[in-house]
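Just below is one structure, and these are the notes that go with it.
Computed from the coordinates by the stated procedures, all read-outs in this text should not be read as laboratory data. Keep in mind it's a predicted model, so treat the numbers as computed, not measured. Here the Cβ positions follow ideal geometry from the backbone for every residue, glycine too, while neighbour counts run over all protein chains shown.
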Amino acid sequence: GQQVMQIPQYQHVQEGEDFTTYCNSSTTLSNIQWYKQRPGGHPVFLIQLVKSGEVKKQKRLTFQFGEAKKNSSLHITATQTTDVGTYFCAGPAGYSTLTFGKGTMLLVSP
Amino acid sequence: DAGITQSPRYKITETGRQVTLMCHQTWSHSYMFWYRQDLGHGLRLIYYSAAADITDKGEVPDGYVVSRSKTENFPLTLESATRSQTSVYFCASSEYRNYGYTFGSGTRLTVV
């Protein structure tokens, strides 16, 4: 069935460094969504990308949807300790459900 | 997001007991979901519902039962709890199909 793979599983950076996580699907996606989960918290919806090649920015976060609509990336510029958490991508898996990648855990050291 | 609440936040139960996890949302969202989150497995869909009285199985439905008699409530029942069901359970809702899930705060369930 539909699978969404994320890399890396884990990344540890120094505050101020950049961070990127990648998401790859085995099939073409109608949209891709990104969520953030703080340690001990619940996933929080960040953004949805729909169009081929789409790029969206939220302050220091840049989200990109690939031309073939099978991959996506989230880039954080100049990380801060508040960016700590696990970032998940998710794509439609059926008529009304999402399948989530296993996430990339980001640790930021001050 | 105070609009979707899960209870209890923590639960310890014994193997073989029945336990129900509650989920309530105040937005009248059509879609509701139950996920479990385990280390190494990420978020896995247990059951979902597209509307009141409409439910369907997800990826890992065995050992679980759901109902949705009212739009705002979507309880998840473990009929006879097993240790493998120790997990963090998240309920989520969505106004539109395949868009922007809002998650509850989760229930951490331990089966001993």
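Considering the stretch A:1-71, the qualifying strands (runs of 3 or more DSSP E), each wholly inside and each with 1 or more residues that are touching a strand residue (DSSP E or B) at 6+ places or on another chain (Cβ under 8 Å) and more than 19 Å from B:D38 (Cα to Cα), run over A:10-14, A:19-25, A:32-37, A:43-49, A:55-58, A:61-65.
Any idea which of B:T15, B:T71 is surrounded by 13 or more Cβ atoms within 10 Å (Cβ to Cβ) and in a loop (DSSP other than H, G, I, E, B)?
On the way: B:T15 fails: surrounded by 13 or more Cβ atoms within 10 Å (Cβ to Cβ).
Answer to the check: B:T71.
Just wondering, is there one or more residues in the stretch B:39-49 that are more than 14 Å from chain A (Cβ to nearest Cβ), under 30 Å from A:P39 (Cβ atoms) and either crowded, with 17+ Cβ neighbours inside 10 Å or among the polar types (S, T, N, Q) (or both)? No: zero hits.
Against the condition more than 24 Å from A:L46 (Cα to Cα), touching a residue at least 60 places away in the same chain (Cβ under 8 Å) and of a type outside the set (S, T, Y), how does B:G3 come out, does it pass? Talk me through it step by step, then tell me what you get.
Values: more than 24 Å from A:L46 (Cα to Cα): no; touching a residue at least 60 places away in the same chain (Cβ under 8 Å): yes; of a type outside the set (S, T, Y): yes.
The answer is no for B:G3.
Give me the residue from the stretch B:50-66 that is part of a strand (DSSP E or B) and over 15 Å from B:S84 (Cα atoms) and, out of that set, nearest to the other protein chains (Cβ to nearest Cβ). Walk me through it before giving the result.
Looking only at the stretch B:50-66, we keep the residues that are part of a strand (DSSP E or B), and these are B:50-51, B:54-57, B:64-66.
If we keep only those that are over 15 Å from B:S84 (Cα atoms) too, we end up with B:50-51, B:54-57, B:65-66.
Values: B:A50: 5, B:A51: 10, B:I54: 10, B:T55: 12, B:D56: 8, B:K57: 10, B:V65: 18, B:V66: 14 Å.
Only one residue fits best here, namely B:A50.
Report every pair of residues separated by at least 6 positions or lying on different chains whose Cβ atoms are under 6 Å apart, first residue within the stretch A:81-105 and within 9 Å of another protein chain (Cβ to nearest Cβ) and outside any strand (DSSP E or B), second surrounded by fewer than 22 Cβ atoms within 10 Å (Cβ to Cβ) and basic (K, R). Partner pairs satisfying both residue conditions: A:S96/B:R97. Regarding B:S93, is this residue surrounded by 22 or more Cβ atoms within 10 Å (Cβ to Cβ), among the small types (G, A, S) and outside any loop (DSSP other than H, G, I, E, B)? Yes.
The residue that is farthest from the chain's Cα centre (by Cα), among those in the stretch B:25-46 that are assigned to a loop (DSSP other than H, G, I, E, B) and over 13 Å from B:E59 (Cβ atoms), is B:G40.
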